Amino acid sequence: EGVAKLNTGMVVFVERGHPGSRVVAEVFNSRKDHAYAKVISVVKPSENTIKPICKHYPTCRGCKFQDLKYSAQMFEKHKQVENLFREYSEIPVLPIIGSDSPFQYRNKMEFTYG
């Protein structure tokens, strides 16, 4: 999820938005101080944007960051964990140990029907 801040100060969480990308997005849920949107088109992709290798991306939603370079995926995931721990403790978060093969190692799939 990307995060944007409007001139009004409202924070918008953008599905499939990447840090550094410029997108046209449509708001689908608006609250008093924040909103949720989805990308309609990419005006300027991030330098970390890549073409996903899976033909099912993003429909199956199993690999949320597949269109980001692996190094950027690890950076963003590490940042998310750091932010969560910062709220509750002083425990330092160690760096992520990446996989030698960033694809085809996942072992869990969930499907939604109906």
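The values are calculated or read from the model by the stated rules, or taken from the named source; none is laboratory data. For clarity, every value in this text was computed on a predicted model and none was experimentally measured. Here the Cβ is made from the backbone with ideal geometry for all residues, glycine too, and neighbour counts use every protein chain on show. Quick note on the areas: whole protein, heavy atoms, side chains included, nothing else; ligands and nucleic acids left out. Shrake-Rupley method; radii C 1.70, N 1.55, O 1.52, S 1.80 Å.
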If we ask which residues in region 63-80 are within 23 Å of Glu110 (Cα to Cα), part of a helix (DSSP H, G or I) and of a type in the set (A, V, I, L, M), their number turns out to be 1
Only one of Lys44, Lys32, Lys64, Lys55 is charged (D, E, K, R) and within 15 Å of the chain's Cα centre (by Cα), namely Lys64
Going through (1) farther than 22 Å from Val14 by Cα; (2) at pLDDT 85 or above; (3) of a type in the set (Asp, Glu) one by one, Glu76 fails only at (1)
Condition met for Lys108 (over 30 Å from Asn7 (Cβ atoms), modelled with pLDDT of 85 or more and in a loop (DSSP other than H, G, I, E, B)): no
Output for Cβ contacts, cut-off 6 Å, separation at least six or different chains, first residue open to solvent by 100 Å² or more (accessible area, probe 1.4 Å) in region 98-114, second at pLDDT 70 or above and among the hydroxyl-bearing types (Ser, Thr, Tyr), reads Tyr105/Ser99
Taking region 8-62 and the residues there that are under 24 Å from Glu110 (Cα atoms), among the hydrophobic types (A, V, I, L, M, F, W, C) and part of a loop (DSSP other than H, G, I, E, B), the one that is least open to solvent (accessible area, probe 1.4 Å) would be Cys54
Reported set for region 63-73 where residues are open to solvent by less than 50 Å² (accessible area, probe 1.4 Å) and closer than 20 Å to Leu94 by Cα is Ala72, Gln73
